[in-house]
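Participant: This structure is in structure tokens; I'll ask about it shortly.
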Amino acid sequence: RTSEDEDEEEAEVGWQEKLFSQFEVDLYLNESACQTPLDWQYHEEIQKLEKAGGRKNCRIFTYTDHDRFTNLEELCQKVTDLDHEVPSYLVERMANVRRRRQDRRPVEASSLKSKIITWEPSDEFIRNNHVINTPVQTMYIMGDLGPYGKLGRREYETVLCTIKVDANGVITVKPDFTGNKGPYRIELDGEKREVWEYTIDNASAQVQPEEEEREQRVFRELYRRHRDYLSGLVGSDFEMPLPGTLRLFVNGEIVSAQGYEYDNLYVHFFLELPDKWSSSPFQQLSGVTQTCATKTVGLDNVAYFCYPFTVDVFYTQEDEGVFPYSLPQWPVLYFEVLSLDFWQRYRVEGYGSLVLPACPGVHMLTIPTWRPVQLGTVAEMRRFFIGGSPELEDLTYTRIPSTFKGKRLSRFGFRTETTGSVTFRLHCLQQSKAFLENSALRQRMQSVLDRLGGFSQQSSVYNVLEAFQRARRRMQEARDSLPQDLINTSASSV
């Protein structure tokens, strides 16, 4: 900063208004340097400026959307901080997306898309649409920060402000208007260590209240038409379950498996539907994840699957006048974790089961697993050298087998070993007409049994069982708090 008046300048710039720099004036005055029609247009404009007394601006000038600087500036922007960066396919496509999309914009706008989702996209479709398709116009406000009397050198040109306007009408100003934040500072790495300060203000005229109200009415009409258009594409014929029916929709994900002995893990799972539960014929109730190598996280070896699955099942309540009333059983997800090595030897790493949550919402569950073992070293040597290990013929044996019809299930003598755990992320949704009825009556819904409308008797049984369990826990806590000599004396007297 100096005291010379030439170092202080103020300019009011309009959108895509061209202010020539000293370098451009010297360049375009030479006819041999003009090659494109835009160069010849600038040549004529500069000649008119020279006849009118020269340009009014000194240090502040602009680069519009059609100048070479705009294309080179966007093409030379680096994505990372590497010195030898090799641009990827996506970076190359994004570098010239502004020019390419402007040419194709009328064609795309003329034909409305009839499909919101493309279920089977081709490779060419993915490559062509994996870029931002919003046309953008750019303008740069520059500053010539060279020494006084030596203006017009490219090395002293500095971007003061970048303005972008996309096809949606969004204006981006970087850096933002100064306001009350104080001026921006630019430090030059020269001998004098010069410091320049500049401010950016919005010089546009304020919109009148009548014009603003008219604009808001146009926006509301546009949004209404767009909402009607989307409603026409989606439709309003949503499937509603029958009265007394609950629809359970689960977007699940097998997140990870950790703490297992061998590497290269995969998970096999299936969903068991109890009585009164059903699903559509096209619903897949089983699946197998990909084989995933583990990585060390803390003290465990973790395999991240991120394997998604979807479950859509229905629960139908029978006549509530029939006695006795049975509490509904929830679907159970059974799974087994296996490992596969280089020699295609597989080993069972663990079994587990998961009861789907009865409450809607997001649930993050970590389920521990176990595997059966045999006594002696022969079984472990066989598992180590040739693969294979004791397996369950029926995965439902992890809880109560589906084929068991007796009153008591004994696992005496069945030896197991605790292994790792599997983490699930479940997004549960429930749909029923009883939700709408209870919401209209403003009734408080304590559990899913209360939400199904005609399940009053089952809800009563459920509440009685819960009260019995609470009373039993309180009695046990009171008994544990009594002195042992008092308990022994009362037992001997009895």
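Participant: Can you tell me which condition residue 274 does not meet? The list is (1) farther than 17 Å from residue 335 by Cα; (2) not in a strand (DSSP E or B), and all the others hold.
Facilitator: (1)
Participant: What number of residues within the stretch 398-410 satisfy the criterion of being free of Cβ contacts under 8 Å to residues at least 12 places away in the same chain and either surrounded by 10 or more Cβ atoms within 10 Å (Cβ to Cβ) or more than 17 Å from residue 353 (Cα to Cα) (or both)?
Facilitator: Adding up the residues that qualify gives 9.
Participant: For residue 260, only one of the following conditions fails: (1) of a type in the set (Phe, Trp, Tyr); (2) open to solvent by 50 Å² or more (accessible area, probe 1.4 Å); (3) not in a strand (DSSP E or B). What is its number?
Facilitator: Tallying (1) of a type in the set (Phe, Trp, Tyr); (2) open to solvent by 50 Å² or more (accessible area, probe 1.4 Å); (3) not in a strand (DSSP E or B), residue 260 fails exactly one: (2).
Participant: Working only within the stretch 372-427, note down all residues that are of a type in the set (Lys, Arg) and assigned to a loop (DSSP other than H, G, I, E, B).
Facilitator: 399, 405, 407, 408, 411, 415 - these are the residues of the stretch 372-427 that are of a type in the set (Lys, Arg) and assigned to a loop (DSSP other than H, G, I, E, B).
Participant: So which residues in the stretch 169-183 are within 18 Å of residue 10 (Cβ to Cβ) and without any contact (Cβ under 8 Å) to a residue 24 or more places away in the chain?
Facilitator: 178, 179, 182, 183
Participant: For the stretch 131-208, which fully contained strands (runs of 3 or more DSSP E) count at least 2 residues that are open to solvent by 80 Å² or more (accessible area, probe 1.4 Å)?
Facilitator: Once the strands (runs of 3 or more DSSP E) in the stretch 131-208 are filtered for at least 2 residues that are open to solvent by 80 Å² or more (accessible area, probe 1.4 Å), what remains is 171-174, 184-187.
Participant: It is to be established whether one or more residues within the stretch 68-81 are of a type in the set (Ser, Thr, Tyr), within 30 Å of residue 197 (Cα to Cα), at pLDDT 85 or above and surrounded by 12 or more Cβ atoms within 10 Å (Cβ to Cβ).
Facilitator: No.
Participant: Now, a different point. Considering the stretch 45-66 alone, what residues qualify as being over 17 Å from residue 14 (Cα atoms) and of a type in the set (S, T, N, Q)?
Facilitator: 47
Participant: So, one more: If you take the residues in the stretch 264-282 that are out of contact with any Leu (no Cβ under 9 Å at 6 or more places or on another chain) and not polar (S, T, N, Q), which one is surrounded by the fewest Cβ atoms within 10 Å (Cβ to Cβ)?
Facilitator: Of everything passing the filter in the stretch 264-282, 281 is surrounded by the fewest Cβ atoms within 10 Å (Cβ to Cβ).
Participant: Identify all residues within the stretch 342-358 that are open to solvent by 80 Å² or more (accessible area, probe 1.4 Å) and not in a strand (DSSP E or B); write none if there are none.
Facilitator: 342, 343, 344
The values are calculated or read from the model by the stated rules, or taken from the named source; none is laboratory data. Since this is a predicted model, take the numbers as computed values, not measurements. All Cβ positions, even for glycine, are placed from backbone atoms using ideal geometry, and neighbour counts span all protein chains on display. With ligands, DNA and RNA removed, areas are computed over all heavy atoms of the protein, side chains included. Shrake-Rupley method; radii C 1.70, N 1.55, O 1.52, S 1.80 Å.
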